[in-house]
Amino acid sequence: MQITLAQLKRGQHGIIADVSSIHIPLKLLEMGCLPGNLVELVQVAPFADPMYLNINGTHLAIRKETALHILIDLPDV
Amino acid sequence: MSKQINVALIGNPNTGKTSVFNALTGLNQKVGNYPGITVEKKEGICKLPRGVRAHIIDLPGTYSLNASSLDENVVIELLLNKNDKDFPDVAVVVSDVENLKRNLLLFTQIKDLEIPVILVINMADRMRKKGIVLDIAHLEQELNTKIAVVSTRKREGITELKELIAEYRDLSTQPCLNASEIDVEYFEKLRATFPNQLLYKLWLVITQDVNFGKTDRNEIDAIHSFKTKSKTDLKRLQQKETIKRYQFINNTLKIGQTVDLASATDLRIKLDRILTHKVWGYLIFAVILLTIFQAIYDWSSVPMDFIDGAFASLSEWLKTVMPPGVFTNLIAEGIIPGLGGIVIFIPQIAFLFLFIAVLEESGYMSRVVFLMDRIMRRFGLSGKSVVPLISGTACAIPAIMATRNIESWKERLITILVTPFTTCSARLPVYLIIISLVIPEGRILGLSYQALTLMLLYLIGFGAALGSAYLLNKIMKLKSKTFFVVEMPNYKVPLFKNVAITVIEKTKAFVFGAGKIILAISIVLWFLASYGPGDDFNKAEDIVTSQNASESLSSEDLQQQIASYKLEHSYIGIAGHAIEPAIRPLGYDWKIGIAIVSSFAAREVFVGTLATIYSVGSDEEETIKARMAGEVNPILGGPLFNFASGISLLLFYAFAMQCMSTLAIVKKETNTWKWPMLQLFIMSAFAYVVALLAYQLLI
């Protein structure tokens, strides 16, 4: 199943399927936010924004508005 | 024969690059600025084997050579400009063993520039805990480099690193992958057009706006005309390049690194569960702030009292041992009290920098950014604005420089504009002395009234910053892309050496920076207070003596009268009287007026100025505080520094924009005088109105 990263729940993980390169800064890609990499939602601040992620071993936080432009594949349950 | 080589330390943020720098250079380092810009330049000297000396530059942390900030620009400008006197003979790329994959991206880019590169894998002491095993020989072969496995915490691997640096001529300058495969046709064309240039260098120049200095300006202009691709196409290519590099890195690490997750014990998860918790996270942050303020107040009072007393005795002692005359007076009444006014605050400033350094070093600051982002956004700020606002409590200048990692221009501009409201360490002297004069001693719930007042002033500062940010956000119609990426580094016990060096360096910079201004102003003030025009000043003795002829004053009282009459008719007295009408409604006399005017150079001058002015008027050995307490309001009687005028002064200093250096830095960072002038007039006018209201309501 494919969802946007913004819909991920705490503790859930998925595989990055696509990033919209117009909306996503190069810096985020360079930090490992690339298709094929594993992403886990570690923690959320109040109102689920910003989101504290573990992408392929790199821990970083992004805002929900950015997460909307990242598509992920959820593992089949 | 001894020779010197240039070494550049490069690495992602949070890789312990500065620890490596400190381990190599010790206290043999200096912090300056890159010419023309305000990026901090850290350099030092390190002795290598066989009599080689290395000049080491600690470049700003960056994730890649695609610069997105002024700090990152410095890195690529240096690496692309062979004519720069600091151009490295060898680059040392520092990586963190836990984030090797991401750190290697930058490494592969620097390899493409065909500079000799050594790879440092830092924090090796964590390897076992994280279940990481490295095949160094394989990595060295694949990456075409030499690797030093280092633990700055355990002081391991530094000798080996020095050895590698000394032998830099043996390093390969071959790239480890061919990035031009991402668009063969395009890069072939590029190569054909500029056969003498390095392909990757051309690519970097094409993809970003970097100022490469005057030397190869013509060359670069020629390249700019080669921009045949649209911006979106270029960005897509950059993305392709990044993917390509990661593919190479993944393949290399598949054999070179094994991670046994089962043996990894993670403290991070446990700490994050509490420290970034929706409730506990904020509570802990509040407690930390409260502790800091209480500590600054309580811990530094003993050394401060000592310094205050010591300077008063020094002045007195100098007067007795030096021959009487103008020169002695200048030193004992002008320079020494002025300097005392700055030295006294070293303990507090050092404590403040200590706390900020520990918060940064431990990795906790990033959690604060994460917790505060949503809240700060309501005010038009970013979570990253918290760092400038907190470090603004030390000094607004580094704080404004720390806004550079805020990605959105609007959020950054608002942060720059409101940061001077936070209570910087230069306000601290003013606050402390006035608080001790007008706020009674006593405690409530274990916290002293005076400490609580101080904390309230800090809160007022933050409140003013947030309030004005909210207004600016509503008023300013600025469209700018907003995005926000913040790395959440692993928690670390701060290294004592790193914290100590930060505290020493920053305190030194503060004392010498402010010290110069204060010294100059004290000398000028002393002259202005010791000389005056006309008969009123020059014949003060006769005038006062004849005025008091009927009364039988003791000679001591008479001397006092003469001294204060002289001061009133000196140049400074005349200037002070001229501005008195404007400040009298605020409860100040002309002496305070002079102190406020000279504070526009730098706030901490206030105490030094009063110390100098009062010192000229009196003969006795007294501390600054005792002199201020003894001042009498010339019109209303009673102490000059009473509750109403004290509060009014505190509020004036809380809001007024009184720091030339901050204005200069805002001009540099925003590239126009518009914003600093706006700050100067709006903040100072607001300060005047608030101080006026406070005095009139309280009196």
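Computed from the coordinates by the stated procedures, all read-outs in this text should not be read as laboratory data. Because the structure is predicted, anything quoted here is derived from the model rather than measured. Methodologically, a virtual Cβ is constructed for each residue, glycine included, from the backbone with ideal geometry; neighbour enumeration extends over all protein chains shown.
Where does each of B:Arg245, A:Arg10 land when they are ranked from fewest to most other beta-carbon atoms within 10 angstrom? Display every interim value, and only then the final one.
On the way: B:Arg245 23, A:Arg10 12.
With the fewest neighbours first, B:Arg245, A:Arg10 line up as A:Arg10, B:Arg245.
Which order, highest average first, do B:648-654, B:285-291, B:177-183 follow once you tally other Cβ atoms within 10 Å for each residue and take the mean per peptide? It would help to have the intermediate numbers written out before the result.
Details: B:648-654: 24.9, B:285-291: 13.1, B:177-183: 17.0.
Those peptides, ordered most packed to least, come out B:648-654, B:177-183, B:285-291.
Segment B:263-331 to segment A:46-62: how many Å between their Cα centroids?
Spelled out, the Cα-based centre of one part sits 35 Å from the other.
Take every Cα pair under 8 Å in chain B that's 6+ residues apart, average their separations, divide by the length, and report that relative contact order as a whole percent.
On the way: 1037 pairs, mean separation 77.4, N = 699.
Reported as a whole number, the value is 11 percent.
Only four residue types carry charge here, +1 at the Cβ of Lys and Arg and -1 at the Cβ of Asp and Glu. Report the dipole size of chain A about the Cα centre in Debye, rounded to the nearest 20. Please report the intermediate quantities before stating the final value.
Working: 5 positive and 7 negative charges, 45 e Å.
The calculated dipole for chain A is roughly 220 debye.
Past the 20 Å Cα-Cα mark, which pairs from A:Lys64/B:Lys384; B:Lys516/B:Lys668; B:Lys17/B:Lys42; B:Lys101/B:Lys130; B:Lys146/B:Lys244; A:Lys27/B:Lys506?
On the way: A:Lys64/B:Lys384 16 Å; B:Lys516/B:Lys668 22 Å; B:Lys17/B:Lys42 12 Å; B:Lys101/B:Lys130 15 Å; B:Lys146/B:Lys244 23 Å; A:Lys27/B:Lys506 30 Å.
Over 20 Å Cα-Cα: B:Lys516/B:Lys668; B:Lys146/B:Lys244; A:Lys27/B:Lys506.
Among DSSP bridges having both ends in chain B, what percentage is antiparallel? Round to the nearest 5. Display every interim value, and only then the final one.
Numbers: 19 of 41 bridges.
Close to 45 percent.
Would you mind ranking B:Glu72, A:Glu30 so that the residue whose beta carbon has the fewest other beta carbons within 10 Å leads the list? Walk me through the numbers on the way to the answer.
Working: B:Glu72 24, A:Glu30 27.
Result, fewest neighbours first: B:Glu72, A:Glu30.
Counting only other chains, what is the mean number of Cβ atoms within 10 angstrom of the Cβ of each residue in peptide A:61-67?
On the way: counts 13, 5, 10, 2, 3, 4, 0.
Mean inter-chain Cβ contacts per residue within 10 Å come to 5.
Need one value for B:101-111: mean number of C-beta atoms belonging to other chains within 10 Å of its residues' C-beta atoms.
Taking the mean over all residues of the peptide, I get 2.
For segment A:1-33 and segment B:395-427, write down the distance between their C-alpha centroids in whole Å.
Cα centres, segment A:1-33 to segment B:395-427: 31 Å.
For the residues B:His277, A:His69, what sequence is obtained by ranking on other C-beta atoms within 10 Å, fewest first?
Numbers: B:His277 15, A:His69 18.
Lowest to highest Cβ neighbour count: B:His277, A:His69.
Give the average, rounded to an integer, of partner chain Cβ atoms located within 10 angstrom of each Cβ in B:239-248. Don't jump to the answer; show the numbers that get you there.
Numbers: counts 8, 1, 3, 7, 4, 0, 1, 7, 2, 0.
Taking the mean over all residues of the peptide, I get 3.
Normalised by the number of residues in chain A, what is the relative contact order in percent for Cα pairs under 8 Å and 6+ residues apart? Provide the component values of the computation, followed by the final result.
Numbers: 147 pairs, mean separation 34.8, N = 77.
Relative contact order of chain A: 45 percent.
Among B:Ile269, B:Ile344, B:Cys176, whose Cα projects farthest towards the positive end of the dipole of chain B, with charges put on the beta-carbon of Lys, Arg (+1) and Asp, Glu (-1)?
Of the candidates, B:Cys176 comes out farthest on the positive side.
For segment B:258-416, what is the charge dipole size about the Cα centre, in debye to the nearest 20, if Lys and Arg each add +1 at the Cβ and Asp and Glu each add -1 at the Cβ? If you can, show how the numbers build up before the last one.
On the way: 13 positive and 13 negative charges, 174 e Å.
My answer is approximately 840 debye.
So for segment A:2-73, taking the charge dipole from beta-carbon charges (+1 Lys/Arg, -1 Asp/Glu), which of A:Tyr52, A:Ala17, A:Met31 sits furthest toward the positive end?
Value computed over the given set: A:Tyr52.
Provide the percentage of antiparallel DSSP beta bridges, counting only those with both residues in the protein assembly as shown; round to the nearest 5.
65
Once you keep just the Cα pairs under 8 angstrom separated by 6 or more residues, what percentage relative contact order results for segment B:3-262?
On the way: 412 pairs, mean separation 52.0, N = 260.
Reported relative contact order: 20 percent.
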